[in-house]
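Q: Before I ask anything, here is the structure I am working with.
The values are calculated or read from the model by the stated rules, or taken from the named source; none is laboratory data. Bear in mind the structure is a predicted one, so any value in this text is a computation, not a measurement. Glycine gets a Cβ as well: all are built from the backbone with ideal geometry, and neighbour counts include every protein chain shown. Heavy atoms of the whole protein, side chains included, go into the accessibility calculation; ligands, DNA and RNA do not. Shrake-Rupley method; radii C 1.70, N 1.55, O 1.52, S 1.80 Å.
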Amino acid sequence: MKIETRNKIIGISFISLWAVGFLVFWVFPLIFSFFMSLNHVAIQTDRLVFDFVGFDQYHKALFRDAEIPNVSLQFFAQSLIIIPVIVVFALIIALMLNQRFPGRGFARAIFFLPVVLTSGNLINELTNQQQGTLSFLQTATVTNLVLTLPDTWALALTNVLNSFLMVLWYSGVQMLILIAGMQSINPSVYEAAKIDGANDWASLWLITLPGITPFIFISVVYTVVDQFTSPFNPILEVILRHFREPDTGYGYATAIAWLYFAIILAILVVVTLIFRKPLGLKKK
């Protein structure tokens, strides 16, 4: 047997374990969930009974169930505010922690520690404890701003401000991603810019930010996925509630889940298109 053939067989034998798990635990459940979304599913003592209804449950979720559009619109408006706040805060902290100063490693650990320690119960407790503590977010200026917005955006902004501390706690992973991006830039580029008379502000806008654009893109994608799969996501709560209701059950819940997945995928496509040119993905 040739060495190339033997290496291919060894490689396939290693990846086959992942391929089997991928097909059994990801592809099959995905296809089966789409099949359930096209049926009204009744749970019997020994089996599931499927009654094919086509795309009627999708139509119901979009046009006949007022709860789904209302909850979705409110959550998306809130996410549109939260996601930039998290990414910008992570970028600012990454710029600070990328500087050389005593205790830099300890400071990085402090900012990343909440990612390791926080759980659902702890986040709930901290959210309850922080109510009324961030008084600078309850000033007359902020209140007037909220009053001038439409109801959906006003409620979304209020929810963000009420959980502002938790929003900042969700920036640990993005911070590490951005620090890694900054460290990937060759220091000689900064030295050359300094020789040419560029100050720190010019270096930030002309070297650092363009250089870490791919890492900003990764941070945005991670934040979108993290927010849309959060255990406190109201849309996921609606999906789980319909799972437990006998009148709707698995079929209607999976239909909502597929619509939700399609929306998330569309948002990720939009984010990719926004970063397409800086990432060099545009065809020449």
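Q: Output the helices (runs of 4 or more DSSP H) that fall wholly within segment 172-242 and possess 1 or more residues being touching a His at 6+ places or on another chain (Cβ under 8 Å), or say none.
A: Counting at least 1 such residues, we get no helices (runs of 4 or more DSSP H) at all.
Q: How about segment 62-72: which of its residues are open to solvent by less than 70 Å² (accessible area, probe 1.4 Å), without any contact (Cβ under 8 Å) to a residue 40 or more places away in the chain and farther than 18 Å from Ile267 by Cα?
A: Selection gives Asp65, Ala66.
Q: Something else: Output the number of the condition that Phe75 fails; it satisfies all remaining conditions of (1) surrounded by 11 or more Cβ atoms within 10 Å (Cβ to Cβ); (2) outside the structural domain of Leu178 (by TED's automatic domain parsing); (3) under 23 Å from Tyr250 (Cβ atoms).
A: (2)
Q: Now for a different question. In this structure, is Phe89 part of a helix (DSSP H, G or I) and either without any contact (Cβ under 8 Å) to a residue 24 or more places away in the chain or surrounded by fewer than 12 Cβ atoms within 10 Å (Cβ to Cβ) (or both)?
A: no
Q: Something else now. Which one of Ile239, Ile212 is in the same structural domain as Ile82 (by TED's automatic domain parsing), open to solvent by less than 60 Å² (accessible area, probe 1.4 Å) and within 30 Å of Phe50 (Cβ to Cβ)?
A: After applying the criteria, what remains is Ile239.
Q: Among the numbered criteria (1) within 30 Å of Val271 (Cβ to Cβ); (2) in contact with a Leu (Cβ under 9 Å, 6 or more places away or on another chain); (3) not acidic (Asp, Glu), which single criterion is violated by His59?
A: Going through (1) within 30 Å of Val271 (Cβ to Cβ); (2) in contact with a Leu (Cβ under 9 Å, 6 or more places away or on another chain); (3) not acidic (Asp, Glu) one by one, His59 breaks only (2).
Q: Pick from segment 26-77 the residues that are among the β-branched types (Val, Ile, Thr) and in a helix (DSSP H, G or I): which of them is farthest from the chain's Cα centre (by Cα)?
A: Filtering segment 26-77 for residues that are among the β-branched types (Val, Ile, Thr) and in a helix (DSSP H, G or I), the one farthest from the chain's Cα centre (by Cα) comes out as Ile31.
Q: List, please: which pairs have Cβ atoms under 6 Å, are six or more places apart or on different chains, and start with a residue in segment 26-53 that is farther than 14 Å from Thr248 by Cβ and not assigned by TED's automatic domain parsing to the domain that holds Ala255 and end with one that is hydroxyl-bearing (Ser, Thr, Tyr) and not in a strand (DSSP E or B)?
A: Ser33/Thr254
Q: Taking the condition of being out of contact with any Ser or Thr (no Cβ under 9 Å at 6 or more places or on another chain) and either modelled with pLDDT of 90 or more or outside any helix (DSSP H, G or I) (or both), how many residues in segment 243-272 meet it?
A: Total satisfying the criteria: 13.
Q: Within segment 191-209, work out how many residues are open to solvent by less than 70 Å² (accessible area, probe 1.4 Å) and over 23 Å from Ile82 (Cα atoms).
A: 9
Q: Filter segment 217-234 down to residues that are open to solvent by 30 Å² or more (accessible area, probe 1.4 Å) and either more than 12 Å from Phe75 (Cβ to Cβ) or of a type in the set (Ser, Thr, Tyr) (or both), then give me how many there are.
A: 8
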